[in-house]
Amino acid sequence: MGSCSRFLLAAVLIASVTLLFPLAHGQKTREPLTEGDVMQLLQGGVATQRVGKLAQEFGIAFEVSRAAERNLRSAGADDQLLQILRELGPGKGPANPKNETPKTGAPAATGILLITTDAACKLAVDGEDAGELAAGASKRLTLPFGEHLVRAVSNDEPTASVEWAGKVEKPEQALVRLVLAEKVAAIKSKPLPASATPTQAEVVIWKSIENSTRVEDFRAYIQKYPDGAFSTLALARVEKLEADAMAKETEDKNKREEEERQAEIRKYTFPVVHHHRSVLTRCWGHLQLTADGAIYRGSEHNVTFSKTNVVYIDERSGAACLRFHLMDGTNWCFLLVDEEDVRDQKLRTFYGPSSLGNRVVEKWGFISADNGKRLLPPNQGGTGQPPRSLRR
Ligand SMILES: [Zn+2]
C-alpha cells in the first residue's frame, strides 16, 4: 500500500468515525469509542495525538487491559495515547464534555469526586444519569476541572433530593457527602396533604349520607375525613341542620307555650249567660277569668272587667253568680251554665246554691260551677262577703 493510498484510507476512516457520531458536537448523547474503533483509527494511520483527542472527546468504552495495550501498541499507540486511554477508562465519560478541544495534545485535567450518601438514591451529574447508589455506599466520579452539579434523588421518596454544587480543580480525590436520609424522613413524617381526589370508600360513605337529615351523619364523616373532599360541604350541612333544628325547637317551644296558654284559657273559661233586665233578653257567651279580672266574649259584645269581681249566689235566680261592676256604675251578673246551653241559647241548667253546696263564699274568689271540680284561680280582691251594696 503506497503512502498516498494510506493517507486516503486514513481520511475515509476519520470521516467514518465522525459519521459514527454525527450528533457529537453540542450533543450530550454520544457513543464512546470501542477498542475496535481506536484500533481502526490507528491502523488507518490517524496520528496518535488525534486519536487521543477523539478519545477525550467521545470517551472510551473499554478498559486498557494488558491484552488491549498489546493490541493498541501493535497498531501504533504510543505511551502518551495509552496514558490518555487508561485515564479515560470505561464509564468515566468524555474527559472534555464541553467539547473544548484542548489547545495541546495533553490530556484534559480531571479530578475525582468520591460521592457517599446515607440513603439509597439515583445520582445525576450535571443533569446526566450517573447510576444508583445504595445507602452508605460510595461512588467514584472522574470529572473534568470546572463547575459541576451532583444531584441525589431518594429511591424511597422521589420528592426528597439533595445537591452538591462545586468546582473540581485538583486531581486529588475529594469527598462529597450527600446527606439525604434526614430529608426523606422529614418528608415521610409530614401528614399527607388534603387529597382533592377522594378515596372510593370516602365517596361511598358520602353518597350514603349525602341526603341525610341527621346531623350526626355529617359529624361522623367530618371526624373520619377532616380534610376530605366533601368536608366543606359536610360542615355546611351540619350548620344548616343545626340552624333548622334550632328554628324548629323555637317553633315547637312557641307552639307548646301557645297550647299551654290556650289550655290555661280553656281551664278558666266558662260558659255563661247574663241578663239584660231592661230588655228582658239573655246574652250567651264565655267568661274567661284572668289574674287581672275577667274577659267576657259574647255574640253581642266583649267586655273586659277589672279586679272588682265577686262571686255570690244570685238571690233572684238562685244560681251562682259572678258579678262584676264597672267604674261607670254598671253591674254585670253572669250565671254559670253548660256549654250546650250557650250553644243552643237555652237555659236548661244553671248552677244554683245547691250545686255549690251552700258554701259560704268566704273569700272574694271564684268557685267553679261544676261542683267545685274546676278550681278557679284565686281572686286578688278582698275577703269576706260581697259588698253590701251588691246584696239584695
Ligand atoms: Zn249582654
So if I check each of Glu202, Glu210, Glu172, which one is loosely packed, with under 12 Cβ neighbours inside 10 Å and acidic (Asp, Glu)? Glu172
Inspect segment 115-132 for any residue being at pLDDT 85 or above, at positive phi, in a loop (DSSP other than H, G, I, E, B) and out of contact with any Phe, Trp or Tyr (no Cβ under 6 Å at 6 or more places or on another chain) and give the result as yes or no. yes
Condition first: away from the ligand (no atom under 16 Å from the Cβ) and either surrounded by fewer than 11 Cβ atoms within 10 Å (Cβ to Cβ) or modelled with pLDDT of 80 or more (or both). Can you find one or more residues in segment 310-319 that meet it? no
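Here is a yes/no grid of residues against (1) of a type outside the set (Ser, Thr, Tyr); (2) at pLDDT below 90; (3) assigned by TED's automatic domain parsing to the domain that holds Ile115:
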| residue | (1), (2), (3) |
| --- | --- |
| Leu141 | yes, yes, yes |
| His148 | yes, no, yes |
| Ala152 | yes, no, yes |
| Lys170 | yes, yes, yes |
| Gln173 | yes, yes, yes |
| Lys183 | yes, yes, yes |
| Ser208 | no, no, no |
| Ile222 | yes, no, no |
| Ala243 | yes, no, no |
Of everything in segment 263-287 that's within 16 Å of the ligand (Cβ to nearest atom) and polar (S, T, N, Q), which residue is modelled with the lowest pLDDT? Ser278
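The values are calculated or read from the model by the stated rules, or taken from the named source; none is laboratory data. As the structure is a computational prediction, the values presented were derived from the model and not from experiment. Note: ideal-geometry Cβ built from the backbone for every residue, glycine included; neighbour counts use all protein chains shown.
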